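**Student:** Attaching a single structure in structure tokens format; questions to follow.
The values are calculated or read from the model by the stated rules, or taken from the named source; none is laboratory data. Small disclaimer: the values here were computed from a predicted structure and weren't measured. Here Cβ is always computed from backbone atoms with ideal geometry, including for glycine, and neighbour counts include all displayed protein chains. We work out accessible area using only protein heavy atoms, side chains counted, and drop any ligands, DNA or RNA first. Shrake-Rupley method; radii C 1.70, N 1.55, O 1.52, S 1.80 Å.
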Amino acid sequence: MLGVDPGTAILGYGVVTAGATGPARLLECGVVRTKASEALPVRLAILFDGLTELFARHRPDAVAVEGLFHGRNARSALILGHARGVVLLAAHRAGFPVAEIAPAEVKRAVTGTGAATKHQVAAMVMRLLRLATPPSPADAADGVAIALTQLLRMQQQLRLAGARR
């Protein structure tokens, strides 16, 4: 599972796998950075290329991306929408199913509360994956949290399907 925290300056990602018998494991996490001095189309191309490389390296079962949040700054939301569009396009072109997850759902799934701070999310990601330190930077930790949330969603769906049989 590849989780993506979209942004045009910093796109965070996390690649997590779930074993059949063991806990989830972190395969890779990090960020794709762009320069503020670059034109927006160039920045979006850098994001697309970075995602394409991740897809080739990991071949995830699916891609989970953080959904839009309701902020006060319309310009920030619009710019974030461009980054989300790149993620959705890159995943679709690569043939991966895409799940969109609201930020509050990610926080709730990982920490138990939809109002968790970035620090709390990173600390719980560290605990859940049994890491020595939280993923860094915070955008990478958010990408991992998004991937974990989608894994939890998928596991729950499998349990429900098994219970119906």
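**Student:** Roughly speaking, what is the stretch gain from Ala163 to Ala36, that is 0.36 nm per residue apart minus the C-alpha to C-alpha distance, in nm to one decimal?
**Tutor:** That pair, Ala163 and Ala36, stretches by 40.7 nm at full extension.
**Student:** Need one number: convex hull volume per residue for segment 84-165, Cα atoms only, in Å³.
**Tutor:** For segment 84-165, the hull spanned by Cα atoms encloses 120 Å³ per residue.
**Student:** Ala45 to Ala104: extension gain in nm, 0.36 nm per residue of separation minus the Cα-Cα distance?
**Tutor:** Net length gain for the segment: 18.4 nm.
**Student:** Give me the extension gain from Lys118 to His58: residue separation times 0.36 nm, minus the current Cα-Cα distance, reported in nm with one decimal. Write down the numbers at each step before the final one.
**Tutor:** Values: separation 60, 0.36 × 60 = 21.60 nm, distance 2.59 nm.
Full-extension gain reported as 19.0 nm.
**Student:** Pairs of Cα atoms under 8 Å, at least six residues apart: use those to get the relative contact order of segment 1-110, whole percent. Intermediate values should be presented prior to the final figure.
**Tutor:** On the way: 168 pairs, mean separation 31.7, N = 110.
This gives 29 percent for segment 1-110.
**Student:** So, for segment 72-165, what is the accessible surface per residue at a probe of 1.4 Å, expressed in square angstrom?
**Tutor:** Here the per-residue accessible area is 60 Å².
**Student:** Search the structure for amide H atoms under 5 Å from the amide H of Ala102, placed 1.01 Å from N in the peptide plane, and list their residues when 5 or more places away or on another chain.
**Tutor:** Those lying under 5 Å, H to H, from Ala102 are Gly67.
**Student:** Roughly how many percent of the accessible protein surface of segment 37-165 is carbon and sulfur, given a 1.4 Å probe and a whole-percent answer?
**Tutor:** 56 percent
**Student:** Same structure again: In nm, to one decimal, how far is the modelled label at Gln156 from the one at Asn73, with both set 7 Å along Cα→Cβ?
**Tutor:** About 3.1 nm, to one decimal.
**Student:** Moving to a separate point now. In segment 68-125, how does Rg compare with the Kirkwood Rh, expressed as the Rg/Rh ratio over alpha carbon atoms?
**Tutor:** Reported Rg/Rh, Kirkwood definition of Rh: 1.05.
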